[in-house]
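Notes follow the structure.
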Amino acid sequence: MRPRVVCGIAAAVALFATACGSGGGGGQAATGTGTGTGTAGAAPAGAYPVKVADCMGKETTIAKAPTKIVTSNAASLEMLLRLGAGDRVIGTGFPPGKGTLPADLAEQGGKVPVLGEKVIPKEKLLGSGADLYLDTFSAMPMMGGGATGPSEEEFTAAGIQHVFLLSTACSGTPKAAKAPRTDLAEVENDIRRLGAVTGTAARAEELVAGMEKQVGDVRTALAGVPEGQRPGYFVFDFDAGTKQPTAVCGRQVANAVITLAGARNVFADCDADFKPGSWEDVVAKNPDWIQLAVRNRGSEEATRKAFDDAEAFLRSFPATQGLKAVQEGHFVRLGSEVTTIAGVRNADAVRQIAATVHPDLVKNGQ
């Protein structure tokens, strides 16, 4: 993937970081009780040992709840904050940018020590004192994972157990999605897996139940919409630049979000997570709706301006100004983070998209 593309949606996959230049639920139970400043909290009792597999199917046995966790980026960090394990996080890479975590998680998340503004340097990670490293990337070389990170032997020598978010880390491996994603099962399984690993299984079930209820309500509301009447939907990554668009393909979690929301990803048939495209491709698809997928700018005003700029480009660019979505003003103002990143807020995105493209059937999308 080209560097310019990495600075767009792929940078959002690195999650919430503003490295290329620049809400959801939670509640008290989701934010934990510690300060998140690096002092590990007491590990809760749980059903141990727990076995978890990596992207190649190799199992790791977790004998007891970890007390010093390092996360590869803000995606895995947010999951731990929601599970109530944030007080055990002693460091992160790709830290959350200003305004990108939900308000109820932002203070604690902002106190987690930053071990790397992008990928955590190998020596710093191995010397962090962590007993568990939660990895969002694995075989994603565009994020600096896998190829430049510690080997499994080095993790073992440092006393660090290595656990992956399988919903995001397995592209190009045997566990990669073999067909377009149409549900959030992999994301929910990651939440349950982390709940088992951290001894917060009950909280994990609460989070998954909340996601399933929200998505289930949308599914019920859209039950009468025939497959052939789903509007075509294009995710426009404005932050990747405007010279060449990026296609969000069928294997990306966003495809599941779009599908569950009662729309049809116009690039669902490309066999990848993301793929560089062309404006000719977009014109040929002529989507009914376009999502202005900008990253959070840290303030409501700045983010609104980014949405305005993205829309203004599509209205003025010769190749796109004649598109059906542009002509009809069918824009979805929804950030890339909650759409393309695995997490609890994927369910929020499902409802918001559904309420926008099917306003007569789904209400209160905000």
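Quick notes on this one:
- Residue in the stretch 353-361 that is under 21 Å from Pro180 (Cα atoms) and either under 18 Å from the mean Cα position of the chain (by Cα) or outside any helix (DSSP H, G or I) (or both) present: yes
- Condition met for Leu314 (part of a helix (DSSP H, G or I), in contact with a Leu (Cβ under 8 Å, 6 or more places away or on another chain) and either of a type outside the set (Val, Ile, Thr) or surrounded by fewer than 22 Cβ atoms within 10 Å (Cβ to Cβ) (or both)): yes
- Apart from one condition, Gly228 fits all of (1) more than 18 Å from Gly335 (Cβ to Cβ); (2) in contact with a helix residue (DSSP H, G or I) (Cβ under 8 Å, 6 or more places away or on another chain); (3) outside any loop (DSSP other than H, G, I, E, B); the exception is (2).
- Within the stretch 322-352, tally of residues that are within 8 Å of the chain's Cα centre (by Cα) and in a helix (DSSP H, G or I): 5
- Among the candidates Val197, Val235, the residue that is in a helix (DSSP H, G or I), buried (at least 18 other Cβ atoms within 10 Å of the Cβ) and within 21 Å of the chain's Cα centre (by Cα) is uniquely Val197.
- Yes/no for Asp183 being within 16 Å of the chain's Cα centre (by Cα) and modelled with pLDDT of 95 or more: yes
- Screening Ala202 against (1) within 27 Å of Thr136 (Cα to Cα); (2) surrounded by 21 or more Cβ atoms within 10 Å (Cβ to Cβ) leaves a single unmet condition, (2).
- Considering the stretch 66-119, the qualifying strands (runs of 3 or more DSSP E), each wholly inside and each with 2 or more residues that are not aliphatic (A, V, I, L, M), run over 89-93.
- Which listed residue is hydrophobic (A, V, I, L, M, F, W, C), part of a loop (DSSP other than H, G, I, E, B) and out of contact with any helix residue (DSSP H, G or I) (no Cβ under 6 Å at 6 or more places or on another chain), from Ala179, Ala202: Ala179
- When Thr246, Thr168, Thr220, Thr198 are checked against the criterion of being of a type in the set (Val, Ile, Thr), in contact with a strand residue (DSSP E or B) (Cβ under 6 Å, 6 or more places away or on another chain) and on the phi < 0 side of the Ramachandran plot, Thr246 stands alone in meeting it.
- Some residue of the stretch 274-287 being of a type in the set (Val, Ile, Thr), over 28 Å from Val208 (Cα atoms), modelled with pLDDT of 95 or more and in a loop (DSSP other than H, G, I, E, B): no
- Condition met for Val266 (under 22 Å from Gly228 (Cα atoms) and out of contact with any strand residue (DSSP E or B) (no Cβ under 6 Å at 6 or more places or on another chain)): no
- Criterion violated by Ile290 - all others in (1) of a type in the set (A, V, I, L, M, F, W, C); (2) out of contact with any helix residue (DSSP H, G or I) (no Cβ under 6 Å at 6 or more places or on another chain); (3) modelled with pLDDT of 95 or more satisfied: (2)
- Verdict on Val257 being closer than 23 Å to Ala354 by Cβ, β-branched (Val, Ile, Thr) and not in a helix (DSSP H, G or I): no
The values are calculated or read from the model by the stated rules, or taken from the named source; none is laboratory data. The structure presented is a predicted model; accordingly, all values stated were derived computationally and were not measured. Glycine also receives a Cβ, built like all others from the backbone with ideal geometry; neighbour counts cover every protein chain displayed.
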